[in-house]
Amino acid sequence: MALIVASVAAMLVSWRTLGAPLRPSLDFIGGTRLQIERDCDVAACDDPIDLAVVRDVLADQGLANSSLQLLGRDREALSIRTAELDVDRRTALLDALGDSVGPLDSTALQIDTVGPTIGRQIFRSGLTALLVSFLGITVYLSVRFRLDYALFALVALFHDVVITMGVFAILGLVLGVEADSLFIVALLTIVGFSVNDTVVIYDRIRETSKINPTQGFDNVVDAAVNQTLTRSINTTLTTTLGLVAIFLFGGETLKFFALAMIIGFILGAYSSIFIASTLLGWWRERSPLPLPEDDAEPDVPERDRFEDGPDNKAVL
């Protein structure tokens, strides 16, 4: 709850400051993004790029509201997000930056332009995909288990998504990290990973209930979580190690995509064990309902079944 409250507070601050719960990237609001890098083979690069000098250049070009972010280990590269620029304005801006911060490496220059209409379409598509995934998960869990199973799984997913967004809201305010279309992909991946872990525990709850139909539901949940705990930890650990490698060595494009999934995968493992299953146990102990498996005869080994003998008495 503390993390959720802090995440919501960060998104509210971001909304008041930036007009959005997360710092939106070029993918969503449109505009032009320039990624430049100084050519250190032509001129010495003893100091990182001075952002104050860059802001003065942008102000002279009528682009004072642009977003800046230093890149690279030595902070010799710079990402500039501005309003949409035509070819002449881009050329004038690059010439002015070359005169102010030093010669630019033309081979490292990257220019991306997205119109505002396309940006809004990408945002709507990403949001629709996220909502449809939640709806599909609700329907699937309701059919496979029961509605209360689905509702508590959604509570766990809400926990995972909100805290991940809260972390990126803070990073956007402090470091200028932007949420792009890859961030939507990361959220969808987090949702799928988390619900998969939850379904594994739910399945084990159902199996344990069949074997011990008279056992209290809290004990059933506890046993199911203990039986799947090693599997959950190992799965999360192995996937997270791969993501850490991408975060460290995958370059700027994939760095924060991997970070979002690292945060979300850890939260997903936590929420499956301590939120979805625990809340389900709490709810069933206070509002007992027939389990999905209660409608069927429990699975009992053949040697333990009873049958009527000739004298109408049950014999083993």
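Please treat every number below as a calculation from the coordinates, not as lab data. Given the structure is predicted, the values throughout are model-derived calculations rather than measurements. Cβ sites come from the backbone with ideal geometry, for glycine too, and all protein chains shown count toward neighbours.
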Checklist entry - Using Cα pairs under 8 angstrom and six or more residues apart, how large is the relative contact order of segment 31-114, in percent? => result 52
Next on the checklist: For Thr32, Thr230, which order do you get if you count the other beta carbons within 10 Å of each Cβ and list the fewest first?
Outcome noted: Thr230, Thr32
Item to check | Kirkwood estimate for segment 31-114, i.e. one over the average of 1/r between Cα atoms, Å | outcome: 12.7
Next on the checklist: With +1 assigned to the C-beta of every Lys and Arg and -1 to the C-beta of every Asp and Glu, and no other charges, what is the dipole magnitude of the chain about the Cα centre in debye, to the nearest 20?
Outcome noted: 680
Next on the checklist: Amide H of Ala77 versus every other amide H placed in the peptide plane: which residues, excluding those fewer than 5 positions away on the same chain, fall under 5 Å?
Outcome noted: Leu71
Next on the checklist: Can you work out the Karplus-derived ³J(HN,Hα) for every residue in segment 140-151? Use 6.51 cos²θ - 1.76 cosθ + 1.60 with θ = phi - 60°, whole Hz, and x for glycine or proline.
Outcome noted: 4, 5, 5, 6, 6, 10, 8, 4, 5, 4, 5, 5
Item to check | Positive-end extreme of charge dipole, the chain - chosen from Ile201, Val5, Ala169 (charges on Cβ) | outcome: Val5
Checklist entry - Size of the dipole of segment 172-287 about the Cα centre, Lys and Arg at +1 and Asp and Glu at -1 on the beta carbon, nothing else charged, in debye to 20? => result 300
Next on the checklist: Please give the charge dipole size of segment 1-58, origin at the Cα centre, charges +1 on K and R Cβ atoms and -1 on D and E Cβ atoms. Round to the nearest 20 debye.
Outcome noted: 580
Checklist entry - How many percent of Cα pairs in the chain exceed 26 Å? => result 59
Next on the checklist: Sort Met1, Met261, Met165 by Cβ crowding within 10 Å, fewest neighbours at the top.
Outcome noted: Met1, Met165, Met261
Checklist entry - Non-local amide H neighbours of Asp105 (under 5 Å, H modeled in plane, Pro and chain starts lacking H): which ones? => result Glu37, Arg38, Asp39
Next on the checklist: Based only on other Cβ atoms within 10 Å, what is the fewest-to-most ordering of Ile211, Ile80, Ile205?
Outcome noted: Ile211, Ile80, Ile205
